[in-house]
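K.L.:
Please find one structure pasted underneath; my questions will follow.
Readers should treat all values here as calculations from the given coordinates under stated rules, not as data from a laboratory. None of these values were measured; they are calculated from a predicted model. Here the Cβ is made from the backbone with ideal geometry for all residues, glycine too, and neighbour counts use every protein chain on show.
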Amino acid sequence: MVQHCCQDMDDSLKFECTDHSNEFECPDTLVTYNAKFDEYGLIIHDGGSSSKAIYYCSWCGSKLPDSKRDLWFDTLESLGFDEPSEQNIPKEFKSGTWYKYL
Ligand SMILES: [Zn+2]
Ligand SMILES: [Zn+2]
């Protein structure tokens with residue numbers, strides 16, 4: 001389990017909606033957390049799955065962790081995965097597990 005900065009963030013990221021199967025389809029859900037990049041974002045409800053990265057918590061004001069998106073690509077590349085979206089990458093890289101061992 002990931003420890004978020006505050007209860008409000010925790011509650012906002014918890015996605016339990018019986019009407020929608022996906023948080024991007026649910027107008028009541030405003031924030032998303034991408035575990036593999038350790039990245040928080042505001043959901044852009046345009047019918048797709050886009051989000052805008054945020055760097056501070058909207059509730060408690062804490063600075064959120066720096067996105068590990070670049071590091072994710074660099075680390076995979078150093079392991080020989082230069083096209084991670086096309087390749088069968090190790091499963092740690094699909095969650096937040098991979099950077100705990102760096
Ligand atoms: Zn919903
Ligand atoms: Zn917070």
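K.L.:
Ranked highest first by the average count of other Cβ atoms within 10 Å around their residues, in what order do 23-29, 79-85 fall?
P.N.:
For the peptides 23-29, 79-85, the packing ranking is 23-29, 79-85.
K.L.:
Counting only helical runs of four or more DSSP H residues, what would the 222 nm mean residue ellipticity of the chain come to if each run contributes -39,500 (n - 2.57) and the total is spread over all its residues?
P.N.:
Helix-only estimate at 222 nm: -4500 deg cm²/dmol.
K.L.:
Give me the log10 of I(q) over I(0) for the chain at q = 0.16, 0.17, 0.19 Å⁻¹, as the Debye formula computes it from C-alpha points; what are the numbers?
P.N.:
Once normalised to I(0) and log-transformed, intensities are -0.79, -0.87, -1.03.
K.L.:
In addition: Can you give the local net charge around F73? Use residues other than it whose beta-carbon is closer than 12 angstrom to its beta-carbon, Lys and Arg +1, Asp and Glu -1.
P.N.:
-2
K.L.:
Could I have the simple spin-label model distance between E83 and T97, label points 7 Å from Cα toward Cβ, reported in nm to one decimal?
P.N.:
The two pseudo-label positions are separated by 2.6 nm.
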